[in-house]
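Heads up: the structure comes next, in structure tokens.
The values are calculated or read from the model by the stated rules, or taken from the named source; none is laboratory data. Quick caveat: nothing in here was measured; it's all calculated off a predicted structure. Every residue, glycine as well, gets a Cβ built from its backbone with ideal geometry; the counts of neighbours run over all protein chains shown.
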Amino acid sequence: MNELRKVERRDSKKQEVRALVEKAKATCYSFFQNDYRYSDFEAIEELGLDDELIHQLVEDYVIQIITSVDQFKDLLNKLQSTQDEHEVLDFTELRELAHKNLGVARNLRIKDGEVILNDLMKKDDLAYLFVCLETLRACAIRLKPECAFKTIKLIEVKNTF
């Protein structure tokens, strides 16, 4: 009976990951209008690192992006409140966070992340920036689905306490 539960949980997890990836694919395609796929070849060649280390660094990037999206949302919500009060918007914190994440994306040659993080650093349209966040999260999910799923679940557990 215990083995059956393990199999059911594993199958349920696989279905959740598949659904997460399908939604992420649709979000990325809607934003970019193409089916970009990351290849670690360029990073391996240019950085002179082995593929196992690059894969670990990409997983770290995915974790960093998934966790940063909540920080980005908080900052954008503050900016939205400031805009609603007709005050001057200060994008400094948002742009610093984007810059931190952009360096990692550039180093690993993650092109879709670079595009979105550049927009987060340069654009002022809050509605567009919220779309960028959802797309950035979706692109991270597509990059390493299992890692992203585990990170999302961990954040959900932490947020319940």
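In table form, for the structure just shown:
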| item | result |
| --- | --- |
| Evaluation of Asp50 against (1) more than 25 Å from Lys13 (Cβ to Cβ); (2) touching a residue at least 24 places away in the same chain (Cβ under 8 Å) (one fails), failing number | (2) |
| Boolean, Gln15 is farther than 15 Å from Pro145 by Cα, assigned to a helix (DSSP H, G or I) and not basic (Lys, Arg) | no |
| Subset tally (residues that are more than 17 Å from Cys132 (Cβ to Cβ) and in a loop (DSSP other than H, G, I, E, B)) for region 63-89 | 4 |
| Residues (in contact with a Phe, Trp or Tyr (Cβ under 9 Å, 6 or more places away or on another chain), farther than 20 Å from Phe31 by Cβ and not aliphatic (A, V, I, L, M)) located in region 78-106 | Gln80 |
| Among residues of region 99-115, those that are free of Cβ contacts under 8 Å to residues at least 60 places away in the same chain and hydrophobic (A, V, I, L, M, F, W, C), counted | 3 |
| Tabulated pairs, region 142-161, first closer than 22 Å to Tyr38 by Cβ, second at pLDDT 95 or above and of a type in the set (Asp, Glu), C-beta under 7 angstrom, 6+ apart or interchain | Lys144/Glu59; Cys147/Glu59 |
| In region 34-54, the residues that are part of a helix (DSSP H, G or I) and surrounded by 15 or more Cβ atoms within 10 Å (Cβ to Cβ) | Ala43, Ile44, Leu47, Ile54 |
| Subset of region 117-141 [without any contact (Cβ under 8 Å) to a residue 40 or more places away in the chain, within 15 Å of the chain's Cα centre (by Cα) and over 17 Å from Asp74 (Cα atoms)] | Asn118, Asp119 |
| Residue list for region 112-161, restricted to those being surrounded by fewer than 16 Cβ atoms within 10 Å (Cβ to Cβ), among the basic types (Lys, Arg) and assigned to a helix (DSSP H, G or I) | Lys122, Lys153, Lys158 |
